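One structure is given below, encoded as structure tokens.
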Amino acid sequence: MAIKAIYPGTFDPVTHGHTNIIERASKLFSEVIVGVAANNTKKPMFSLEQRVEMLTQVCAHLPNVTVVGFSGLLVDFAKDYQAQVLVRGIRTTQDFEYEHQLADVNRSLSGDSSESLESVLLTPVPEFSFLSSTIVKEVAIHGGDISKFVAPEVEQAVLAAVKK
Ligand code: COA
């Protein structure tokens with residue numbers, strides 16, 4: 001059975017932790033739509049177009065992965081793309097609490113049970129379990145080496161943004 005999954009996030013910027021989840025999801029599902037949320041409340045460092053562009057570059061080796069920007073509710077985005085599964089990464093027990101709540105809200109918002117969006121939570125590989133987009137930006141702002149955490153093109157974009 002072909003199952004289409006959505007992996008949403010702000011991706012400001014995409015890290016190796018995100019890429020690891022996307023690569024694994026691409027093996028589990030027939031198609032993965034990476035949904036880049038505009039999420040202006042987070043005041044992103046990169047525009048939506050820049051974040052979509054960076055993700056498109058780092059996912060270029062994955063033929064069943066498509067990167068799309070969105071604003072509005074995640075469940076509406078999932079319906080537009082006829083996705084049945086929502087993929088999220090959980091790094092810590094704190095993430096678990098939050099993801100549990102998010103999964104419940106999305107199931108409730110997605111309507112009757114025959115059409116509800118199922119959440120699949122993947123744990124990151126241990127070497128990326130502490131990683132977040134905020135940590136990458138914080139390390140770069142203070143002159144640290146981020147090459148272990150992000151792809152070379154993302155590293156260049158972050159370094160250029162922090163120099164501004
Ligand atoms: N590797 C590295 N970092 C990871 C990670 C992984 N495997 N998994 C999570 N993270 C990081 C993210 O980079 C992010 O870091 P940041 O806070 O420094 O930016 C953090 O962990 C997770 O942040 P969170 O706010 O939980 O998720 P998000 O910003 O990635 O995405 C959306 C949130 C887009 C899914 C959510 O805001 C959303 O659905 N928005 C649409 C509106 C909606 O429908 N809301 C829900 C109903 S109210």
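No value in this document is a laboratory result; all are computed from the given coordinates. Nothing here was measured: the structure is a model prediction, and the numbers come from that model. Positions of Cβ are generated from backbone atoms using ideal geometry, with glycine treated the same way; all protein chains shown enter the neighbour counts.
Numbers below:
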read-out	value
All strands (runs of 3 or more DSSP E) inside the range 1-70 with 1 or more residues being away from the ligand (no atom under 15 Å from the Cβ), in contact with an Asp or Glu (Cβ under 9 Å, 6 or more places away or on another chain) and β-branched (Val, Ile, Thr)	65-70
Pairs where the first residue, in the range 56-82, is over 11 Å from Val34 (Cα atoms) and the second is small (Gly, Ala, Ser) and assigned to a helix (DSSP H, G or I), C-beta under 8 Å, 6+ apart	Leu62/Ser26
Val32 over 14 Å from the mean Cα position of the chain (by Cα) and under 16 Å from Glu118 (Cβ atoms)	no
Number of the exception - Ala160 against (1) of a type in the set (Gly, Ala, Ser); (2) under 15 Å from Gly9 (Cβ atoms); (3) assigned to a helix (DSSP H, G or I)	(2)
Test set (1) under 23 Å from Asn40 (Cα atoms); (2) more than 8 Å from the ligand (Cβ to nearest atom); (3) out of contact with any Gly (no Cβ under 8 Å at 6 or more places or on another chain) - Leu73 fails condition number	(2)
Residue satisfying all of: in the range 48-70; touching a helix residue (DSSP H, G or I) at 6+ places or on another chain (Cβ under 9 Å) and crowded, with 20+ Cβ neighbours inside 10 Å; nearest to Val158 (Cα to Cα) among these	Met54
Cβ-Cβ under 9 Å pairs, at least 6 apart or on other chains, the range 121-150 side closer than 15 Å to Thr19 by Cα, far side in a loop (DSSP other than H, G, I, E, B) and of a type in the set (Lys, Arg)	Thr123/Arg91; Pro124/Arg91; Glu127/Lys148; Phe128/Arg91; Ser129/Arg91; Phe130/Arg91; Leu131/Arg91; Ser132/Arg91
Residues that are surrounded by 16 or more Cβ atoms within 10 Å (Cβ to Cβ) and closer than 23 Å to Gly89 by Cα, drawn from the range 140-164	Ile146, Phe149, Val150, Ala151, Val154, Glu155, Val158
Selection from the range 114-157 of residues that are within 13 Å of the ligand (Cβ to nearest atom), part of a helix (DSSP H, G or I) and of a type in the set (S, T, N, Q)	Ser133, Thr134
Residue selected from the range 2-55 under the condition without any contact (Cβ under 8 Å) to a residue 24 or more places away in the chain and β-branched (Val, Ile, Thr), by the criterion farthest from Ala78 (Cα to Cα)	Thr41
Output for the range 71-86, where each listed residue is among the hydrophobic types (A, V, I, L, M, F, W, C) and either touching an Asp or Glu at 6+ places or on another chain (Cβ under 9 Å) or assigned to a loop (DSSP other than H, G, I, E, B) (or both)	Leu73, Ala83, Val85, Leu86
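Residue-wise test of (1) more than 14 Å from the chain's Cα centre (by Cα); (2) surrounded by fewer than 18 Cβ atoms within 10 Å (Cβ to Cβ); (3) under 13 Å from Pro8 (Cα atoms).
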{"position": "Gly72", "(1), (2), (3)": "yes, yes, yes"}
{"position": "Val75", "(1), (2), (3)": "yes, no, yes"}
{"position": "Asp80", "(1), (2), (3)": "yes, yes, no"}
{"position": "Ala83", "(1), (2), (3)": "yes, no, yes"}
{"position": "Leu86", "(1), (2), (3)": "no, no, yes"}
{"position": "Gln94", "(1), (2), (3)": "yes, yes, no"}
{"position": "His100", "(1), (2), (3)": "yes, yes, no"}
{"position": "Ala103", "(1), (2), (3)": "yes, yes, yes"}
{"position": "Asn106", "(1), (2), (3)": "yes, no, yes"}
